[in-house]
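Undergrad: After the structure tokens below, expect a handful of questions from me.
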Amino acid sequence: MFNPQIQFTADGSHTLYIPEMEEHYHSVNGAIQESLHVYIEAGLNQCKKETINVLEFGFGTGLNAFLTIVEAEKRNLNCKSALAKINYTTIEKYPLPVAITNQLNYAKEFAIKYQPYFSKIHTCEWGNFVKISTHFQIKKIQSDFSDFQFEDNYDVIFYDAFAPDKQSDVWPQEIFNKIFQHSNPNAILTTYCAKGNIRRMMQAAGFQTERIPGPPGKREMLRARK
Ligand SMILES: C[S@@+](CC[C@H](N)C(=O)[O-])C[C@H]1O[C@@H](n2cnc3c(N)ncnc32)[C@H](O)[C@@H]1O
């Protein structure tokens, strides 16, 4: 459906631009910085469970999944807290060709031992859990997020859809209701989006919400908790 073009963002990491939508996959102020801030620090790192079920809207470039693996491996290495395992489920309607993901420069920013994980998450099969590292397994599902039949309950949700003004149909009340029903107690949902109507939908679904400081170039973002 899309014809993405690779572009550099302000922190030197790549993003994809979709001319047909006039939309980027990440913040132009820094893709890695944004992903670390919104999904790893504000989301994953707030969950103190030993086994964490993560749910992602939009696998896309795999940046969030890759940074999650790096965090899981680092956490265990440093024994910051005993993290046994991350089960990462990601729903993607329009998977990217490997010819594009092969060119992305995310892995280069990290230690050599982490680099192979990036190609592994892109080349592994869809539809089943695949173990990528000691503490991380991924299930990539090709589906419209709205049609996805939830199989598990989740602890951390990365809501990384295109912006509401570019793709309004992926921000409906029903999706937030469904996520809430399939969230474990104390689950955390984060998104770069800070819009009031999205916050109200999360609240109507049952979440407690807060606006917290956003990544570079963005004043605020949303975090919701069950
Ligand atoms: C803002 S991008 C972020 C992707 C990814 N998290 C990343 O860091 O590259 C949004 C993603 O949602 C996917 N997408 C769009 N509509 C979708 C839908 N209805 N269901 C599932 N995924 C969808 C897009 O193809 C794209 O990969």
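Undergrad: Identify, from the list Val98, Val28, Val54, the residue that is surrounded by fewer than 20 Cβ atoms within 10 Å (Cβ to Cβ), in contact with a helix residue (DSSP H, G or I) (Cβ under 8 Å, 6 or more places away or on another chain) and either among the β-branched types (Val, Ile, Thr) or at positive phi (or both).
TA: Only one candidate passes the filter, namely Val98.
Per-residue answers, yes or no, for (1) at pLDDT 95 or above; (2) touching a Gly at 6+ places or on another chain (Cβ under 6 Å); (3) of a type in the set (Lys, Arg); (4) assigned to a strand (DSSP E or B):
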position	(1), (2), (3), (4)
Asn128	yes, no, no, no
Lys131	yes, no, yes, yes
Lys139	yes, no, yes, yes
Phe150	no, no, no, no
Asp155	yes, no, no, yes
Ala163	yes, no, no, no
Asn186	yes, no, no, yes
Thr190	yes, yes, no, yes
Arg200	yes, no, yes, no
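Undergrad: Looking at the stretch 7-25 only, could you name the residues that are loosely packed, with under 15 Cβ neighbours inside 10 Å, within 15 Å of the ligand (Cβ to nearest atom) and either within 23 Å of Arg211 (Cβ to Cβ) or aliphatic (A, V, I, L, M) (or both)?
TA: Correct list: Met21 only.
Undergrad: Six or more apart or on different chains, Cβ atoms under 9 Å: show the pairs whose first residue is in the stretch 95-111 and under 14 Å from Ala31 (Cα atoms) and whose second is away from the ligand (no atom under 14 Å from the Cβ) and small (Gly, Ala, Ser).
TA: Matching pairs, first to second residue: Asn105/Gly12; Ala107/Ser119; Glu109/Gly12.
Undergrad: What pairs come out if I take residues in the stretch 12-25 that are on the phi > 0 side of the Ramachandran plot and pair them with residues that are not in a loop (DSSP other than H, G, I, E, B) whose C-beta lies under 8 Å away, six or more apart or interchain?
TA: Gly12/Glu109
Undergrad: Sticking with this structure for a sec: Anything in the stretch 129-172 that is among the charged types (D, E, K, R) and surrounded by fewer than 17 Cβ atoms within 10 Å (Cβ to Cβ)? List them, or say none. Break it down stepwise before answering.
TA: Of all residues in the stretch 129-172, those among the charged types (D, E, K, R) come to 131, 139-140, 144, 147, 151-152, 155, 160, 165-166, 169.
Listed by number, the residues that qualify are Lys131, Asp144, Asp147, Glu151, Asp152, Asp165, Lys166, Asp169.
The values are calculated or read from the model by the stated rules, or taken from the named source; none is laboratory data. Remember, it's a predicted structure, so these values are computed and weren't measured experimentally. All Cβ positions, even for glycine, are placed from backbone atoms using ideal geometry, and neighbour counts span all protein chains on display.
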